[in-house]
1. Could you identify the single residue in Arg272, Arg276 that is touching a Leu at 6+ places or on another chain (Cβ under 8 Å), crowded, with 17+ Cβ neighbours inside 10 Å and either closer than 23 Å to Val74 by Cβ or in contact (Cβ under 8 Å) with a residue 24 or more places away in the chain (or both)?
2. So, Gly232, is that one out of contact with any strand residue (DSSP E or B) (no Cβ under 9 Å at 6 or more places or on another chain), at pLDDT 95 or above and either hydrophobic (A, V, I, L, M, F, W, C) or in the same structural domain as Val141 (by TED's automatic domain parsing) (or both) or not?
3. Can you name every one of the strands (runs of 3 or more DSSP E) wholly within region 333-375 that holds 2 or more residues which are touching a helix residue (DSSP H, G or I) at 6+ places or on another chain (Cβ under 8 Å)?
4. Between a first residue in region 202-223 that is without any contact (Cβ under 8 Å) to a residue 40 or more places away in the chain and assigned by TED's automatic domain parsing to the domain that holds Asp247 and a second residue that is in a loop (DSSP other than H, G, I, E, B) and small (Gly, Ala, Ser), which pairs have beta carbons less than 7 Å apart while being 6 or more apart in sequence or on different chains?
5. List every residue pair whose Cβ atoms sit under 6 Å apart, with the two residues 6 or more apart in sequence or on different chains, where the first one lies in region 154-166 and is in the same structural domain as Leu139 (by TED's automatic domain parsing) and the second, anywhere, is hydroxyl-bearing (Ser, Thr, Tyr) and modelled with pLDDT of 95 or more.
6. When you look at Arg326, is it among the basic types (Lys, Arg), in a strand (DSSP E or B) and either under 20 Å from Thr292 (Cα atoms) or without any contact (Cβ under 8 Å) to a residue 24 or more places away in the chain (or both), yes or no?
7. Restricting to region 169-194, name every residue that is over 19 Å from the mean Cα position of the chain (by Cα) and surrounded by 20 or more Cβ atoms within 10 Å (Cβ to Cβ).
8. For Leu315, state whether it is of a type in the set (A, V, I, L, M, F, W, C), at pLDDT 95 or above and assigned by TED's automatic domain parsing to the domain that holds Lys304.
Amino acid sequence: MLNAHITTDVVYCGITSIIYFLFTSQTATFSYICVTKRTIIKMKNTALTEVHESLGAKMVPFAGYNMPVSYEGVNAEHDVVRSGVGVFDVSHMGEFLVSGENALSLLQWVCSNDVSKINVGGAQYNCFPNDTGGIVDDLIVYRIKEDQYMLVVNASNIDKDWAWLETQNTLKSFNAELRNISEGHSLLAIQGPKAIEAMQSLTEVDLAGIKFYTFEVAPFAGIENVIISATGYTGSGGFEIYCKNEDAAQLWENVFKAGADWGIKPIGLAARDTLRLEMGYCLYGNDIDDSTSPLEAGLGWVTKFTKDFVNSEDLKAQKEQGLKQRLVGFELTERGIPRQGYDIVDGDNNKIGNVTSGTMGPSVNKGIGMGYVDTAFAKADSKIFIQIRKNLVPATVVKTPFYKG
């Protein structure tokens, strides 16, 4: 056997972790290894990693996975989704099944939204509040059957969410049946205004008839029992398609064949971030986390005090007493790009908050961002300043979404 030559390179060096790129000459393969506090963690692949590599995608470590961050460039990919149709591999997301006669009772307790309002075939945006005033995660709840639900959670929170769900199930004696099916399933987000016409040939289901935040379980792209969901995090319409890992390659191939006449293209995670930010959608780890109140984050619309849920009494008291800060959207009125962590100040240079997400919006062609500010500055048209390095750049608080197309 020939000795394999392994080339290594550091692609990220942080305070607590180092990520190495490894190339093995014998097999012409590469992987990432994250060294964190003496623990070596090999990056996971999705069922489509080799496909992304063959397409020349720039691959980066994300939430423990090897993920495509871009193919042609963020702005070009962003524009494809806004005007045509693009495909994201978001198979790193987590999926849990919650079943049994007490499934609804458990979900009513751990979720802030009213899960009883979901019909079979329906979906609902939600969040897991924690018991200290923050958010465990934001998620989507699908009602698969009368007594079965699927939870779709953020990739970086799979282990944390699973532990939280198991703990609450046991602690409150719900004894619902829980299954973590994350490792065996893939998810493609087919997004854009041309998604319906581009994908209609792949199924007998009338795609135009699937209303926003509802789904069908049907054959799709020659694969049985596919979840076709009218959801997504881009603001440009489309579907999210769930299948088993062994069917992912066939799904990808047939999706691109069907969409060829509509200029379908693969899209990386970088464009997904600019697309969601233009819509003012929260990103866990940036705009919301274990310490942020769902009310201050603008998630009061999914925080229903018509039922008891984790920490509901404290959150109700917070609402009654008044919020100290709020998550707002803002637009820069001069040149500049806001970034996470930048200070937000008032006209007297007093710090009033911090930026949680920011970018140059490709569709709106201006610097946009989100951040928490003191309540006095949270009203639309409030004048604020973003500390960008040594410069104070003026900005205006606006109602989201930034992109109104």
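The values are calculated or read from the model by the stated rules, or taken from the named source; none is laboratory data. In this text the structure is predicted, and so the values were computed from the model without any measurement. Neighbour counts are summed over all protein chains in view; Cβ atoms, including those assigned to glycine, are modelled from backbone coordinates with ideal geometry.
1. On the way: Arg272 fails: touching a Leu at 6+ places or on another chain (Cβ under 8 Å).
Being touching a Leu at 6+ places or on another chain (Cβ under 8 Å), crowded, with 17+ Cβ neighbours inside 10 Å and either closer than 23 Å to Val74 by Cβ or in contact (Cβ under 8 Å) with a residue 24 or more places away in the chain (or both) holds for just one of Arg272, Arg276, which is Arg276.
2. no
3. Here the list reads 351-361, 366-374.
4. Sorted first by the residue in region 202-223, then by its partner, the pairs are Ile210/Ala230; Lys211/Ala230; Phe212/Ala230.
5. Asn154/Tyr284; Ile158/Ser182
6. Answer is yes for this residue.
7. Asn169, Phe174, Ala176, Lys194
8. Details: of a type in the set (A, V, I, L, M, F, W, C): yes; at pLDDT 95 or above: yes; assigned by TED's automatic domain parsing to the domain that holds Lys304: yes.
Taking the combined requirement at face value, the residue satisfies it.
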